[in-house]
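Please read the structure below before turning to the comments.
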Amino acid sequence: MAKKAKAQAVLFIVASIADLVVTLWGTAQVGYGAELNPIARDILVAGGPLGLSVFKLGGVVFVLVLLAWLSRDDRARIRWAVRLLFLLGALVAAAGAWSWLPVLISVY
């Protein structure tokens, strides 16, 4: 994996961890009903914070393994798509963390 792709993978991982931390902290402060994502809320209700953590970790590992496998192909188009997907994944995770900003502000 090239340096740029590794940096994007690290960004994706950091953003995903930030999303999880903010989600767990926010729901601990406000309650599970504050989670706006219905899938995440159902997982929180059924499995608690550990269940959500395992689910999110599984999703991150799946995406990273899939994209690493796709990036092995030498075609430049596939490598470009892999990098774009890493970046989009990081942006989605960051948006999830960002969506908690009003909750964070209202708590303090």
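Residue by residue through region 16-40, note down the ones that are surrounded by fewer than 17 Cβ atoms within 10 Å (Cβ to Cβ), at pLDDT below 85 and not hydrophobic (A, V, I, L, M, F, W, C). If the condition is that a residue be surrounded by fewer than 17 Cβ atoms within 10 Å (Cβ to Cβ), at pLDDT below 85 and not hydrophobic (A, V, I, L, M, F, W, C), then G33, N37, P38 are the ones that fit. The single residue among L36, L24, L20, L52 that is outside any helix (DSSP H, G or I) and of a type in the set (A, V, I, L, M, F, W, C) turns out to be L36.
Scanning region 43-73 for residues that are more than 13 Å from the chain's Cα centre (by Cα) and modelled with pLDDT under 85 returns V65, L66, L67, A68, W69, L70, S71, R72, D73. For V60, are the conditions met, namely being within 20 Å of W25 (Cα to Cα) and in contact with an Asp or Glu (Cβ under 9 Å, 6 or more places away or on another chain)? When the stated conditions are applied, V60 does not pass them. Residues in region 41-90 that are among the aromatic types (F, W, Y), surrounded by 13 or more Cβ atoms within 10 Å (Cβ to Cβ) and free of Cβ contacts under 8 Å to residues at least 60 places away in the same chain: 1 in all.
The values are calculated or read from the model by the stated rules, or taken from the named source; none is laboratory data. As the structure is a computational prediction, the values presented were derived from the model and not from experiment. Neighbour counts run over all protein chains shown; Cβ positions are idealised from the backbone, glycine included.
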